[in-house]
Amino acid sequence: MMTALMRGRPALARRLAFARARWSAWRQAAWAGENARVDAPACLAPLRVMGLEFPNPLGIAAGFDRWGRLGRQAGALGFGCIEIGTLTPQDLTVWDRAARDGAWDKPIQARGEPDLGDTVLGVNIGMSPASGASQALRDYLECLRAVWRRADYVSVNLCSPQAAVLLRPDFRAGLDELLSALKQEQRALAVVSGRYVPLAVKLRLAPGSSELPEAMARLAALRFDAVVAAIDAGPPATPQRYAMWQTPLWQHQACEQIGRLNALLGGNLPIVAVGGIGSARHVAARRCAGATLVQLHDALVYRGPGVAHAIRREMQRTLRGAG
Ligand SMILES: Cc1cc2nc3c(=O)[nH]c(=O)nc-3n(C[C@H](O)[C@H](O)[C@H](O)COP(=O)(O)O)c2cc1C
């Protein structure tokens, strides 16, 4: 039904998927998280990345909870992390309202309830749609300062259409300056606030391509905390594309790309893999290829808000079958 709706009214289908996710998170939390305490298979065990404790490696990718209204409640759906946004300077007022409503805050845990406060909250920041290369640094800095206090980590979005100008070969020096300035601001904010907030960069890898974006190699040298590697052809996300992701060829190519990226980074930078992930097998394969964390977007639309719990059960079944 969701596939049919996606074909006809994709925006409506996404809104519906988001509403279902919020309702399910509320219901799970109210029922003391019926799935939250099931023993985690090793592949979904808690882990420490970027200096943060993740309850498990499954995350919700940016764009699903653009305004941060689901926020840390994503933990009730079985996710260890949610990346909200993309936030651009023009969104700051709306975001601030959502943040004040409490979805970003660590909830107070009642007895017997799952500890949703552990869910890691990343904030994805970007450029205003009207901004060019010369306004990019101003935009990113404004967003970084605005979300610093509430984010567990910040992800700099270089995947948006307006950020494409920053990745052009003739802007190489400009991109280096921009990334260095963001790192400098991160250090300054850490000193002033007394709290270090890790900084990741989200970059797109074209599906099936054997080339890696040039900027990847610079991220480790500049001492960023992680790279979010989105294997994604960009909009529009169609049901046909989701179906293609279910084929072994696309999955194999994506793992090869993560493997190549891992070799390039030499283990110096954690990789967060995004793109085409929607089952236990996909998660295990991306992690085997070198990803430390994974994020899902379209699987939440097509498999529904129970997808993280379903992945956990699939892994347990596989392990029982193998044992
Ligand atoms: C409708 C839609 C909106 C998105 N919005 C954003 C966004 O605001 N920021 C961002 O970094 N990525 C955004 N993405 C990309 C996703 O975060 C993710 O990288 C991409 O969908 C690939 O993952 P998937 O195959 O699990 O869907 C969006 C994707 C879709 C389909």
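Being in contact (Cβ under 8 Å) with a residue 40 or more places away in the chain, within 13 Å of the ligand (Cβ to nearest atom) and open to solvent by 30 Å² or more (accessible area, probe 1.4 Å) holds for only one residue in Thr292, Thr238, and it is Thr238. Ala299 falls short on exactly one of the conditions (1) within 16 Å of the ligand (Cβ to nearest atom); (2) open to solvent by 40 Å² or more (accessible area, probe 1.4 Å), and that condition is (2).
Of the numbered criteria (1) within 14 Å of the ligand (Cβ to nearest atom); (2) surrounded by 13 or more Cβ atoms within 10 Å (Cβ to Cβ); (3) assigned to a loop (DSSP other than H, G, I, E, B), the one Leu203 fails is (3).
Every residue, every condition in (1) out of contact with any Ser or Thr (no Cβ under 8 Å at 6 or more places or on another chain); (2) free of Cβ contacts under 8 Å to residues at least 12 places away in the same chain; (3) more than 11 Å from the ligand (Cβ to nearest atom); (4) under 19 Å from Asp232 (Cβ atoms), yes or no:
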site	(1), (2), (3), (4)
Gly51	yes, no, yes, no
Ile60	yes, no, no, yes
Gly63	no, no, no, yes
Arg66	no, no, no, yes
Arg69	yes, no, yes, no
Cys81	no, no, yes, yes
Ile84	yes, no, no, yes
Leu92	yes, no, yes, no
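The values are calculated or read from the model by the stated rules, or taken from the named source; none is laboratory data. A quick note: this is a predicted structure, and the numbers were derived from the prediction, not measured. Please note: Cβ atoms are built from the backbone with ideal geometry, for glycine as well, and neighbour counts cover all protein chains shown. The area values use the complete protein model at the heavy-atom level, side chains included, leaving out ligands, DNA and RNA. Shrake-Rupley method; radii C 1.70, N 1.55, O 1.52, S 1.80 Å.
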